[in-house]
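Report on the following structure.
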Amino acid sequence: MATSLLESYEQQYSTVTADITFHVGQIACHHGAEKQSHVRQAEKLFDEASELLEQMELEVKEQDPRERQKYSTRVKSYKTELLKLQKDMKKAKLGIDANRDELLGDDTHDSEDQRARLLDNTERLDRTSRRLEHGYRAAVETEQIGAQIMEDLHSQRQTIQKSRNRLEEMNTTLGKSSRVLSGMMRRIIQNRILLIGIGLLLVIVISVAIYFTVRRHS
């Protein structure tokens, strides 16, 4: 099951990196708003690829040692590939800026560079905001899960307490029953001893009566 999930992640990662390669290639061929559109698309895809790599790393830990080594090597190569793509995008952006600098001069380059930095900062803020929002949702979900666990534990504690009370009641009832049975056994033993004593007394009386009757006739 875990291996199948890893293969699914790998397929998704392959598709995402192919899209990244396309957008990075388009950055060098366009200017202005269209260029920035490809930059933003590439940045989003980089985030998606990073998340896929994190998911793969978590799944690799669930593999047996032999499979874990194989997939761990693959994940490392994917990380290297992603770093290379990020460098390629930076080079593509710098290459465009350099050409524009040659054509339009230093002032235009400075203005374009400042605009690019502002866009980059905005994109970073957006990514940070998304991560914070994701972290907040995760914290809320964790808090809800914790509250549910506490509620379940409280319910289980009440159930255990009720079971303990029932056991104590049963022990009390068994103790009373044991004392009653002990008293009945004592009475039975006493009655048997009394019956044996009466039987012995009757035997003695009959024996004495027979003895005197026989002696009188003799």
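When ALA49 is tested against (1) of a type in the set (Gly, Ala, Ser); (2) more than 20 Å from TYR9 (Cα to Cα); (3) surrounded by 16 or more Cβ atoms within 10 Å (Cβ to Cβ), only condition (2) is not met. Only one of the numbered conditions (1) loosely packed, with under 12 Cβ neighbours inside 10 Å; (2) modelled with pLDDT of 90 or more is not met by GLN12, and that is (1).
The single condition among (1) surrounded by 13 or more Cβ atoms within 10 Å (Cβ to Cβ); (2) assigned to a helix (DSSP H, G or I); (3) more than 24 Å from the chain's Cα centre (by Cα) that LEU83 does not meet is (1). Considering each residue of the range 27-34 in turn, at least one proves to be over 38 Å from the mean Cα position of the chain (by Cα), of a type in the set (D, E, K, R) and farther than 20 Å from LYS84 by Cα.
The values are calculated or read from the model by the stated rules, or taken from the named source; none is laboratory data. It should be emphasised that the depicted structure is a prediction, and the values quoted were computed from it without experimental measurement. Every residue, glycine as well, gets a Cβ built from its backbone with ideal geometry; the counts of neighbours run over all protein chains shown.
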